[in-house]
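Engineer: Here's a structure for you.
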Amino acid sequence: MTSSASLSRFYRCRLWGHHLLWGNGIVLDWAVQTPSAEPGAEREANSVMPDASEIPAEPCMHGRVVKGWVLLDPKRLPLAVAPQIVASLTPDTELVHPLNCSRPDVIADVLQQNPEQYLQRCYGFQFVVPNHVTSFPLSLRLGTRQVKLGHVCMEAACSGPNRSSGVLEGKSGWLFLGNDTNHSMDQHRGTLQLTRRGLRSWVKYARGLQRFGKSIQAPVALLIAPAKESVLGQYHPLAAGKQNPVQQVADVLSRELLVHPVAAMKACGDDAFLVTDTHWSDQGAKAGAVELAKTLGLASRDVVDLFVDDRYRCEPIVGDLGCKMNPPRTSHTQRLNSYDLGRHIVYDNGLRSFGRIFVTRHSNALADQTCLIFGSSSSYAMLKYASRMFGCVILVHTAGGLDPHLIAAVKPQFLVAQTNARYVVRVPRLTHSVRDQLKTKVSRLTETERAEVIANRVCTDASWMAKSALAPYDQMLS
């Protein structure tokens, strides 16, 4: 238990003016501690938090712990409403934590009252914010009502070595993302949620995608590649929350549009993902491609038959999580080796990640039509299957950002937006410009990087490219 003097020193450093009431007197008092630079650092002498045994420390990979308390008047609290503390990180996202820890020490040491006889209730809170966050509004949520408390400001955290490299190690050696810039761990635990504005933005985006489809008379789909922890949660070190941002999005979007193949990937068992990587495996990508085909209107049996003779080979891989371990960790995965995607690649602009344009053509595909995918990193593995479903697949790496001009120029028979589950906290744009993206990216290339792009560029059919709607975009790289 902290001393009365320590609590009193902190009490004088509260962030608000004295004698103010919030929410018509529901909130009588509140305070917040300056976040510590390291979640695991020793508590300072003036810490208002009780011993670690009384309030469990938040597990986190990087960030700063925000701790404090709120004094509530029980006579004004709505019945059967659990109070929550809310930190608004962006207009679209917020951290939501329950106020479920009693703080009799504050009543005794700061208010100088007997906790057993004091009528008001004091609750403690503790949560982690990323190091890049320097300020955020803090609120109390009571059901549908939100009471603004104030604005928390802090100095930017000093950059230093990241002890855990943003990786969570789960059971049986499975690796997962920690709290990266998309708050993957908070999403999994359900403490990071989309705001009403964020959900409205997703609804607007979905309607825009459907509107683009109608303009070119093409079936559309929004494919969200599931997070590893949503499929293999039994290996994750932390329990899943009741609702995460992807589930929030699924609740407001049409099932005829959204493809989130968790069930299909769970049927693949451990083969759905790579042990040391965030992305789905070839088997997982196949499950996603089959579910996507259903939504786009392709016959399920015909699609499944395309892959019935596929053969796989066990291969070692380090992965985007394994490479962050010290020493780097290797796992094994089943790679598709009976189909050579490289034989069907007709164009690759040579860029990596955002701005990359990748085209496949297959003369014996199930549907001799063009599918335009505005995708992300998960789309590349899926090309091993999508390239056999559609005669021409054009993949543009935008993480779901839709380019109206490119859609109108290509006029595909199928239109797909694909993003990864952890990216749903950033709603894609309906007015994305691939041309502007390429212009910016190319202008920032060093001479060495420009040489690598030229070396990586693939164009097996110059006459096709010259007549293609992609020709102006290819010319931007010369």
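Engineer: ³J(HN,Hα) across the stretch 105-111 via Karplus (A = 6.51, B = -1.76, C = 1.60, θ = phi - 60°), whole Hz, x for Gly/Pro?
Structural biologist: 5, 5, 4, 6, 8, 9, 8
Engineer: Another question, then. How would the stretch 353-463 be classified by its alpha-carbon gyration tensor: rounded, prolate or oblate, with rounded meaning a/c under 1.5 and the a/b versus b/c comparison settling the rest?
Structural biologist: Because a/c hits 1.5 or more and a/b fails to exceed b/c, the stretch 353-463 counts as oblate.
Engineer: How big is the charge dipole of the stretch 329-478 about its Cα centre, in debye rounded to the nearest 20, if each Lys and Arg gets +1 on its Cβ and each Asp and Glu gets -1 on its Cβ?
Structural biologist: My answer is approximately 380 debye.
Engineer: For the stretch 187-243, what is the charge dipole size about the Cα centre, in debye to the nearest 20, if Lys and Arg each add +1 at the Cβ and Asp and Glu each add -1 at the Cβ?
Structural biologist: For this selection, approximately 380 debye.
Engineer: Further question: Using a/c under 1.5 as the rounded threshold, could you call the stretch 221-309 rounded, prolate or oblate? The axes a ≥ b ≥ c are square roots of the C-alpha gyration tensor eigenvalues, and prolate needs a/b larger than b/c, oblate otherwise.
Structural biologist: Because a/c hits 1.5 or more and a/b fails to exceed b/c, the stretch 221-309 counts as oblate.
Engineer: I've got another one for you. Any number yet on Rg/Rh for the stretch 262-378, C-alpha, Kirkwood? Could the numbers behind the result be given before it?
Structural biologist: Values: Rg = 15.7 Å, Rh = 16.1 Å.
Dividing the radius of gyration by the Kirkwood radius yields 0.97.
Engineer: Pull up the DSSP beta bridges for the chain and report the antiparallel fraction as a percent, rounded to 5.
Structural biologist: Restricted to the chain, the bridges split so that about 75 percent are antiparallel.
Engineer: While we're here: Roughly what % antiparallel, to the nearest 5, for the DSSP beta bridges in the stretch 328-478?
Structural biologist: Taking every DSSP beta bridge within the stretch 328-478, about 50 percent pair in antiparallel fashion.
Engineer: Taking all protein chains together and a probe of 1.4 Å, list Lys228, Lys286, Lys204, Lys467 from the most accessible to the least accessible. Present the calculation step by step, with values, prior to reporting the outcome.
Structural biologist: Working: Lys228 10, Lys286 50, Lys204 140, Lys467 170 Å².
Largest to smallest exposure gives the sequence Lys467, Lys204, Lys286, Lys228.
Engineer: I've got another one for you. Using only Cα atoms and rounding to the nearest 10 degrees, what angle (0 to 90) does helix 378-389 make with the longest principal axis of the chain?
Structural biologist: 30 degrees
Engineer: Provide the gained length on full extension for the span Ala267 to His332, in nm with one decimal, where the gain is 0.36 nm per separating residue minus the Cα-Cα distance.
Structural biologist: Additional length available on full extension: 21.5 nm.
Engineer: Among Gly173, Gly190, Tyr205, pick out the residue whose Cα is farthest towards the positive end of the charge dipole of the stretch 162-209, where Lys and Arg carry +1 and Asp and Glu carry -1 on C-beta, about the Cα centre.
Structural biologist: Result: Tyr205.
Engineer: So for the stretch 352-478, taking the charge dipole from beta-carbon charges (+1 Lys/Arg, -1 Asp/Glu), which of Ala417, Met476, Val393 sits furthest toward the positive end?
Structural biologist: In the stretch 352-478, that residue is Ala417.
Engineer: So which aspartates and glutamates can Lys204 reach, going by Cα to Cα under 17 Å and dropping same-chain residues fewer than 8 places off?
Structural biologist: Cross-link targets: Asp92, Asp251, Glu256, Asp403.
Engineer: Let me ask something else. Report, by chain and number, residues whose modeled amide H sits under 5 Å from the one on Phe390, excluding near sequence neighbours (fewer than 5 apart, same chain).
Structural biologist: Close amide H contacts, sequence-distant or interchain: Leu366, Ala367.
Engineer: Which ³J(HN,Hα) values in Hz, rounded to whole numbers, follow from the phi angles of the stretch 440-456 under the Karplus curve 6.51 cos²θ - 1.76 cosθ + 1.60, where θ = phi - 60° and Gly and Pro get x?
Structural biologist: Ordered by residue, 3J(HN,Hα) equals 5, 5, 5, 5, 9, 6, 6, 4, 5, 5, 5, 5, 5, 4, 4, 5, 7 Hz.
Engineer: A further question on this structure: So how strong a dipole does the chain carry about its Cα centre when Lys and Arg Cβ are +1 and Asp and Glu Cβ are -1, to the nearest 20 debye?
Structural biologist: Roughly 1260 debye for the chain.
Engineer: Taking only the C-alpha atoms, wrap a convex hull around the chain and report its volume per residue in Å³ as a whole number.
Structural biologist: 169 Å³
Engineer: Run the accessible area of the chain with a 1.4 Å probe and give the carbon-and-sulfur part as a rounded percent.
Structural biologist: Values: 11030 of 22260 Å².
That share works out to 50 percent.
Engineer: A follow-up question, please. Could you provide, to the nearest whole Å², the per residue accessible area of the chain with probe 1.4 Å?
Structural biologist: 47 Å²
Engineer: Aspartates and glutamates within cross-link reach of Lys384: Cα-Cα under 14 Å, excluding same-chain residues under 8 positions apart?
Structural biologist: In chain and number order, the partners are Asp282, Asp309, Asp310, Asp340.
Engineer: For the stretch 323-478, with the dipole built from +1 on Lys and Arg beta-carbon atoms and -1 on Asp and Glu ones, taken about the Cα centre, which of Gly375, Gly350, Thr360 lies farthest toward the positive end?
Structural biologist: The Cα lying farthest towards the positive end belongs to Gly375.
The values are calculated or read from the model by the stated rules, or taken from the named source; none is laboratory data. Just so it is clear, the structure is predicted and the values come from calculations on it, not from any experiment. Here the Cβ is made from the backbone with ideal geometry for all residues, glycine too, and neighbour counts use every protein chain on show. For the accessible areas, the whole protein counts, side chains as well, though only heavy atoms, and no ligand, DNA or RNA atoms are used. Shrake-Rupley method; radii C 1.70, N 1.55, O 1.52, S 1.80 Å.
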